[in-house]
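Asks: Just passing along the structure, written as structure tokens.
Here, each number is a calculation from the coordinates, and none is a lab measurement. Everything numeric in this text was worked out from a predicted model, so none of it was measured. Methodologically, a virtual Cβ is constructed for each residue, glycine included, from the backbone with ideal geometry; neighbour enumeration extends over all protein chains shown.
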Amino acid sequence: MKNLRLASRATEQRTVVKVSSVEFGRDFIVIAGPCSVESEEQTLETARAVKAAGADMLRGGAFKPRTSPYAFQGLGLRGLKILASARRQTGLPIVTEVIDPRDVSWVAEFADMLQIGTRNMQNFSLLKEVGRSGRPVLLKRGMYSTLEEWLNCAEYILSEGNPDVILCERGIRTFETYTRNTLDLSAVPAMKELTHLPIIIDPTHSTGRINLIGPMSQAALAAGADGLIIEVHHKPDEALCDAEQALTPEMFADLMRRLRPLQAFLQNLPSA
Ligand code: PEP
Ligand code: MN
């Protein structure tokens, strides 16, 4: 692929992205939390539960890129303060989405990692801004984008002097309607060939179906992904965003219990 001066994989070396004490590209990292920050109670309860189940990081959106302008748009600054409080109380580093280049510098003061959502993958001014933010960036794949386009977006961030980019496959649009999107799991081994950057899987937005999240998480681990990002809500029926795809804390804990033995099994397999 042309012009991928920094993102392409020239050697065997792999980038490890450190977010506080969490190391993407070294360990299998699980990020969990609500789609959006709705209240202190909701965020803290969910944060405590995912921490107890073994999550490594907390997610939660304070700025939500919604399909409808009338849908809940997020709590903004208040949401970021709630996330900061959840970090204080649980020790979990936080990742949160930023959708406007004008907000990057102050959102970066709250977040341990900035998320670029699928709808903004090719928002080049936003990419340049997070490239200058001094924070690691979780770059989600555009739902209509090829691997090459996605890597070029990583290049935008890297070329601003920010080496800490983590890719996230979150499903692409196909003709299939049973699932919310189609999880392109082949992106994991493909990106391992193409780039040194870590790649994680979002089984929540890719499937949009609670029953598919567990199997796709296990498949992601087996395919060599560096981690997962999963939506969990303490009361999914009351969630203001993505209610139909949020795991309960019990379901999440159960999934974590099922991932651990698979991880141990995979570690003992001879490498290909
Ligand atoms: C999210 O993570 O809540 C989100 C909006 O994801 P995506 O950009 O993949 O739709
Ligand atoms: Mn969501």
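Asks: May I ask for the equivalent-ellipsoid semi-axes of segment 1-103, computed as the square root of five times each C-alpha gyration tensor eigenvalue and listed largest first in whole Å? List each step's numbers first, then the result.
Replies: Working: eigenvalues 161, 86, 23 Å².
Semi-axis lengths for segment 1-103 are 28, 21, 11 Å.
Asks: Let me ask something additional. Considering only DSSP states other than H, G, I, E and B, which chymotrypsin sites (Phe, Trp or Tyr not before Pro) in segment 1-71 qualify as loop sites with at most 10 other Cβ atoms within 10 Å? Mind showing how you got there, number by number?
Replies: Values: sites: F24, F28, F63, Y70; in loops: F28, F63, Y70.
Here the sparse-neighbourhood loop sites are Y70.
Asks: Let me ask another. Quick one: of K51/K192; K2/K192; K51/K128; K51/K235; K18/K128, which pairs are farther than 24 Å apart, Cα to Cα?
Replies: Working: K51/K192 29 Å; K2/K192 17 Å; K51/K128 33 Å; K51/K235 17 Å; K18/K128 20 Å.
In this structure, K51/K192; K51/K128 exceed 24 Å between Cα atoms.
Asks: What ranking do L58, L151, L262 get, fewest neighbouring Cβ atoms within 10 angstrom at the top? Please report the intermediate quantities before stating the final value.
Replies: Working: L58 28, L151 24, L262 15.
Ordered by Cβ neighbours within 10 Å, fewest first: L262, L151, L58.
Asks: Related question: May I ask you to compute the full-extension gain from A52 to T182, defined as 0.36 nm times their residue separation minus their alpha-carbon distance, rounded to one decimal in nm?
Replies: On the way: separation 130, 0.36 × 130 = 46.80 nm, distance 3.05 nm.
That works out to 43.7 nm of additional length.
Asks: Using a Förster distance of 41 angstrom, determine the FRET efficiency expected from the C-beta separation of R102 and F175, and round it to 0.05. Don't skip to the end; give the middle numbers.
Replies: Values: r = 37 Å, r/R0 = 0.91.
Rounded to the nearest 0.05, the efficiency is 0.65.
Asks: Shifting gears a bit: For K2 and S21 in one chain, what is 0.36 nm times their gap in residues minus the Cα-Cα distance, to one decimal in nm?
Replies: 3.4 nm
Asks: Same structure again: Among M251, M216, what is the fewest-to-most ranking by other Cβ atoms within 10 Å?
Replies: Values: M251 18, M216 22.
In increasing order of surrounding Cβ atoms, one gets M251, M216.
Asks: Rounded to the nearest 20 debye, what is the charge dipole size of segment 60-211 about its Cα centre when +1 sits on each Lys and Arg Cβ and -1 on each Asp and Glu Cβ?
Replies: On the way: 18 positive and 16 negative charges, 133 e Å.
Result for segment 60-211 is approximately 640 debye, rounded to the nearest 20.
Asks: Give, to the nearest whole percent, the P(r) tail of segment 29-265 beyond 22 angstrom, counting all Cα pairs.
Replies: Values: 13583 of 27966 pairs.
More than 22 Å apart: 49 percent of the Cα pairs in segment 29-265.
Asks: Still on this model: What FRET efficiency, computed as 1/(1 + (r/R0)^6) with R0 = 35 Å and r the Cβ-Cβ distance, is obtained for R209 and Q89, rounded to the nearest 0.05? Present the calculation step by step, with values, prior to reporting the outcome.
Replies: Numbers: r = 31 Å, r/R0 = 0.90.
Here the calculated transfer efficiency is 0.65.
Asks: Give the order of D112, D202 when sorted by the count of other beta carbons within 10 angstrom, beginning with the fewest.
Replies: Numbers: D112 19, D202 27.
In increasing order of surrounding Cβ atoms, one gets D112, D202.
Asks: Compute the FRET efficiency between E41 and E148 as 1/(1 + (r/R0)^6), taking r as their Cβ-Cβ distance and R0 = 41 Å, and round to the nearest 0.05.
Replies: Numbers: r = 44 Å, r/R0 = 1.07.
With R0 = 41 Å, the Cβ-Cβ based efficiency is 0.40.
Asks: Add +1 for every Lys or Arg and -1 for every Asp or Glu among the other residues with Cβ under 12 Å from the Cβ of M191, and state the total.
Replies: On the way: positive: R9, R14, R141, K192; negative: E148, E169, D184, E193, D226.
Local net charge: -1.
Asks: I'd like the projected area of segment 120-183, averaged over all directions, using the convex hull of its alpha carbons. Report it in nm² with one decimal.
Replies: Numbers: hull surface 16.5 nm².
The orientation-averaged projected area of the Cα hull of segment 120-183 comes to 4.1 nm².
Asks: Using amide H atoms built in the peptide plane, which far-off residues or other-chain residues are under 5 Å from I230 H to H?
Replies: I31, A32, G33
Asks: Could you pull out every Cys in the chain that lacks a partner Cys with its beta carbon under 4.7 Å away?
Replies: For the chain, the answer is C153, C168, because their Cβ atoms have no other cysteine Cβ under 4.7 Å.
Asks: Could you tell me the distance between the Cα centroids of segment 210-263 and segment 42-67, to the nearest Å?
Replies: 12
Asks: Within 10 Å of each candidate Cβ there may be at most 13 other Cβ atoms; applying that plus a DSSP loop requirement, which GluC sites (Glu not before Pro) in segment 1-76 survive? Could you put the intermediate results ahead of the total?
Replies: Details: sites: E12, E23, E38, E40, E41, E45; in loops: E12, E38.
Sparse-neighbourhood loop GluC sites (Glu not before Pro): E12.
Asks: For segment 38-85, how big is Rg over Rh, using alpha carbon atoms and the Kirkwood form of Rh? Walk me through the numbers before you get to the answer.
Replies: On the way: Rg = 11.9 Å, Rh = 11.6 Å.
Value, to two decimals: 1.03.
Asks: Modelled label-to-label distance, F124 and Q13, 7 Å Cα→beta-carbon offset: nm?
Replies: 2.8
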